[in-house]
Amino acid sequence: MSAGLSRCVDCGVDVEGTWSRCPLCGAALREPQEPGERTPSPLPDVPLRFSRSRLLRALVLTSLALVLASFLVQLLISPGVSGLGVLRSVWLAVASLWLVALMAVRKRRNIAKSTVYFVVLAGLVCVYWDFLLGWSAWSLTYVVPILCASSLLAVMIVVRVMRIEVGEHIVYSGLIVILGLTPLVFLALGWVNTPLPSALCGALCVLALGLLQLSSGSAARHELAKRLHL
Amino acid sequence: MMRQHWVRLDNASNMFLAARSDVDPKVFRLGAEMDHEVDPALLHKALEKTYEKYPLYHAVLRRGVFWYYLQDSDLRPEVTAELTAPCAPIYQADRRTLLFRVMHHRRRISLEVFHALSDGTGALWFLTDLVTAYVRLRFPTERPTDPGADGATEAAGGSGAADASDGTGAMPGEDLDDLAAHEPVHDLTGDSFAHYFRRRRRPGSDAWQARAAFTQEAEAEDRVLSVGSRGADADPGPRDGTGSRDGTSPRDGTGSRDDTGDVAGADGSTEDSADAPRREPVGRRRLSLRRRVYRVRGTRTPDHRTRVVELTMPAAAVIALARAEGVALTMYLTAVFFEAVRRAAEHDALTLAATVPVNLRQFFPSTSARNFFATTRVEHAYRSGPNDLGAVARTLERDFRAKATAEALEGKLRRFLRFERHPALRIMPRPVKDVLLSGINRASNRGLSVAVSNLGRVVLPEPVSDHVGRLAFEVSAVRPQFCAISHAGRLTVTFTSPFVETDHVREFARILTGAGVEISVAAGRVTGQELAEAFEDREGDEPQEDAS
């Protein structure tokens, strides 16, 4: 047939490109009538490319298992063991840091979303930590309000500086504000030792809520309608 | 701030998201081979022009709490050299990218599309417009002799709406499609599934009567066709309403009058979506039947890319073979495929099943470029009865014709939409839906050996078709599959598979060459060894060539 095509005699087909063996049966090909003038294959030769996603997935799952195990093991350690206090704090700190790092890597593409994850994870870890150390309510009194308030400020700054569109962040900003209102609940239930941090955080969030409602209330409703569409 | 349009993902598309995997990213490709090396700069210009006409293709995919949705974006597409493996993943969660890509390699222009965005027919519209725009830029002196002439022949008998964006006024099927006719054609909206199958049947409704009449007509024509099947190069007149947007539109799968199996969905594994609700209650009998279905196994390609083997052959020769057996092309090729798989498996008493997507636009006129297809499943047990190629093809043809009717499909899709609209399912969060759907998908995969998809004969507008040789159509695959498309008298049957082995392709080619069909093979290299050979060659032959 065509001058530039090699031929597999066994299959009775012409082969495009520079194959030396038939891609179908593996038999040696008969050279084209004008060697050196082979018709190039219409399909490009793409070098092998290994996706890192599988490796990454394996690493993430292993890390999560280790972090989770670290947290669970703490339950077995009775609070009174002497000399373990510092060690245990370092251990918990490393596990928490690793968890936050994992989350940050995974959700790196949307900073507002990753902040929500951060607030929830860090808050829960601290409450758990507080519980392990015999519950003196430091987590609810200080950590959670400070975490919420500072995250809210951080998101507001980031959104402004990075010029993130309202639709992109509104749901997450809203979630942070709502999370920031929970210290008021703790305050009302009397779960905190010092009311000031919770009150400050609550006030800030109420203020932010008002601002959000005024500046982008309709965008927020549009976005929510979209995401909660049934 | 402009509020971005958004639209919930239609039902077939949800399945693609649940079923996509490392091996099968649910991407399909349409390609056109030009008569010259493609000029990337002009192609880019052509792409920008075409992109304007397809708001749907501007969409990015986002995840809501309960559903996925498509949202308008202001991203711009880029033409790239073909540096990725065929049908490489396009959609990545959390990354807001366009859901298609346009590439060039030597003489080829390739369009790859994530299947949740569009189906084969929709993508073929896009490719046709792209290639048309490109040819106009590349050969500015050539003008269509009479822009109306094409349109006239093409639109004859068609019942779809005209392309509003082109402003070609004729709307032969206006009465059929009260809604779609007034919408911009390739808009983000326009879920044809919902349009046709969600509404309650209103007795006496004009649109419904019109549609029913159309269906009967289409079927009558089908019967005529099945009797007097024509060669691919015979009359290009359409049988259905899909392609008659305007003169420049391809016959998109419909042109092959000798072929009912117009495909829209390139992919076989989504049949599951449409089949699922029906299969669930039927249960045991089907299950026990399905358990016996042979499934092709093999060695996965090293980096999970799709193995592509393209067979190009003269369309007329194959159609003559099909006609000699008294069947249409798709089912003839399916029968050959079955026989090839059987020979490759070296096993006689197999039960083989194939999934075949059917373009719904031929029964339910729609100009939406979004997914609008349903799949049917055909099966043959090589245990009893005559097992020669012709007999198998005729059995499959009967089976397929019974399933690919407007009534059968409509019933199935109505059931599926009811299932989708079920309150319990609606309030199910999206990740749970994904798990459920991928379970259904896995279950129905167990009942399938291969997949088959035929876009039929494509007719490009006059000055364009002179510069285009064969077309290519392929889809990422979770099981061996072939996709067929023909243009300019050349039929391209592209086999894709997640496995390195090409035994079934070898047998397929040998059956056809044995019957006197001339075939040329183009295969993509997938293993380290194959690629090393290519790169050695290249270093020897063309040192200046870019190694990528």
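Coordinate-derived values only; no laboratory data. Model, not experiment: these values are computed from the prediction. Here Cβ is always computed from backbone atoms with ideal geometry, including for glycine, and neighbour counts include all displayed protein chains.
Sort B:392-402, A:219-229, A:67-77, B:489-499 by the packing proxy (mean of other Cβ within 10 Å over each peptide's residues), most packed first.
Top of the packing list down: B:489-499, B:392-402, A:219-229, A:67-77.
Quick check: convex hull of the Cα atoms in region A:94-173, volume per residue, rounded to a whole Å³?
Residue-normalised Cα hull volume stands at 83 Å³.
Provide the FRET efficiency to the nearest 0.05 for the residue A:61-residue B:36 pair, computing r from the beta carbons and using R0 = 60 Å.
E(calc), rounded to 0.05, equals 0.75.
How big is the C-alpha Rg of region B:336-402 next to the rule-of-thumb value 2.2 N^0.38 Å, as a ratio?
Against the compact-globule rule of thumb, the ratio is 1.39.
Within region A:98-154, report the trypsin sites (Lys or Arg not before Pro) that DSSP leaves as loop and that have at most 15 other Cβ atoms within 10 Å.
Here the sparse-neighbourhood loop sites are A:108, A:109.
Taking Cα atoms, how many degrees apart are the long axis of helix A:166-189 and the longest axis of chain A, rounded to 10 and kept between 0 and 90?
30
Based only on the alpha carbon positions, what is the Kirkwood hydrodynamic radius of chain A, in angstrom?
Evaluated on chain A, it is 22.8 Å.
Measure of size requested: the Rg and Dmax of region A:109-230, with Cα atoms as the atom set and Å as the unit; please supply both.
15.2, 46
Per residue of B:524-536, what is the mean number of Cβ atoms on other protein chains within 10 angstrom of that residue's Cβ?
4
When the chain is fully extended, how far beyond the present Cα-Cα distance does residue B:532 get from residue B:106, taking 0.36 nm per residue of separation?
My answer for the length gained is 151.3 nm.
With only alpha-carbon atoms in the gyration tensor, what are the semi-axes of the equivalent ellipsoid for region B:289-428, in Å, largest first?
29, 21, 18
Give the residues of region A:179-208 whose amide nitrogen is closer than 19 Å to a point set 7 Å from the Cα of residue A:136 in the direction of its Cβ.
A:191-198
A 30 angstrom limit on the alpha carbon distance is what I want to check against. Which of A:107/A:226; B:49/B:433; A:226/B:403; B:403/B:433; A:113/B:26 exceed it?
The answer is B:49/B:433; A:226/B:403.
Using a 10 Å cut-off around each Cβ of peptide A:14-22, what is the average number of partner chain Cβ atoms that fall inside?
6
Mean shadow of region B:428-495, computed from the convex hull of its alpha carbons, in nm²?
Computed as one quarter of the Cα hull surface, the answer is 6.7 nm².
Taking one equal scatterer on every alpha-carbon of region B:75-143, how large is log10 of I(q)/I(0) by Debye at q = 0.16, 0.17, 0.20, 0.27 1/Å?
Treating every Cα as an identical point scatterer, log10 I(q)/I(0) equals -0.62, -0.70, -0.92, -1.38.
Could you tell me the convex hull volume per residue, in Å³, taken over the Cα atoms of region A:183-230?
84
Of the listed peptides A:146-159, B:505-518, B:417-430, what is their order by residue-averaged count of other C-beta atoms within 10 Å, with the highest listed first?
B:505-518, A:146-159, B:417-430
For region B:28-86 and region B:305-363, what is the separation of their Cα centres, given in Å?
If you average the Cα positions of each part, the centres end up 30 Å apart.
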